[in-house]
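Step one of this worksheet: look at the structure below.
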Amino acid sequence: MSKKIENTIDFSMILASSVHDMKNSVGMLLASLEGLMDEMPPVNAAQNKRFSTLHYEASRMNGELIQLLSLYRMQNNLLPVHIDEHYLIDILDDQVARNHMLAETKGVEMNIQCDPDLHWYFDHDLIGSVVHNILVNCVRYTQSKIEISAKIEDEILCVSIADNGPGYPPEMLQRPTGKVEDAEISKGATHLGLYFAQKIAECHKQQEKRGYIELTNGACLGGGVFKLYLP
């Protein structure tokens, strides 16, 4: 008499582990690329374009892997959220510095408008990831400028990232923010970054209020405007 032993495998855990390994590898490649660009700066427009493309794609891939891993942890109640008091200028300066080389190779100017004394309560790492991902996306679509600002609106913190690109398409502005459509997934357009931003915003709450994101066009630079609201 023989017994059939079935081994059940949690593929979601395997995928999460693989994503974690890939994230680390891409992070190392990105750091190596930045080191190479420092040691051997591009000498002509063609080289600059190649470096720019490599840096953008590596940054985008690294950001999306971090988002996938964070969403998996969130779904399984494994994502740590550490709400503490932080100065906004510090987190904005950090993310601009993090994306300085990417913006420089693309010829994009990034400016910050923020009161140096403005502080708020939020998870520094999670909000930093949201700002980073939006900046990477803005560098791709803007013509030449990105403006990052932070201020208090009706007792809620508003972090705004605007560019002078073509703006968000009408269908994105009409759809509920952060919602992922099956039809768009089939076309390869998941808008994962916006979904991630919405979920991270919702992790920040005070009494009955929860954080949220908003997309508009126009404003100071005439292009797309991403806004993150935290209670």
Subset of region 118-143 [over 11 Å from the mean Cα position of the chain (by Cα) and either under 13 Å from Gly167 (Cα atoms) or surrounded by 23 or more Cβ atoms within 10 Å (Cβ to Cβ) (or both)] | Phe122, Val139, Arg140, Tyr141, Thr142, Gln143
What do you reckon, is Asn48 out of contact with any Gly (no Cβ under 9 Å at 6 or more places or on another chain) and either closer than 24 Å to Lys199 by Cα or in a helix (DSSP H, G or I) (or both)?
-> no
Condition met for Leu88 (modelled with pLDDT of 85 or more, buried (at least 17 other Cβ atoms within 10 Å of the Cβ) and either on the phi < 0 side of the Ramachandran plot or assigned by TED's automatic domain parsing to the domain that holds Gly211 (or both)) | yes
Exactly one of (1) modelled with pLDDT under 90; (2) closer than 24 Å to Lys199 by Cβ is unmet by Val81. Its number?
-> (1)
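The values are calculated or read from the model by the stated rules, or taken from the named source; none is laboratory data. Nothing here was measured: the structure is a model prediction, and the numbers come from that model. Cβ sites come from the backbone with ideal geometry, for glycine too, and all protein chains shown count toward neighbours.
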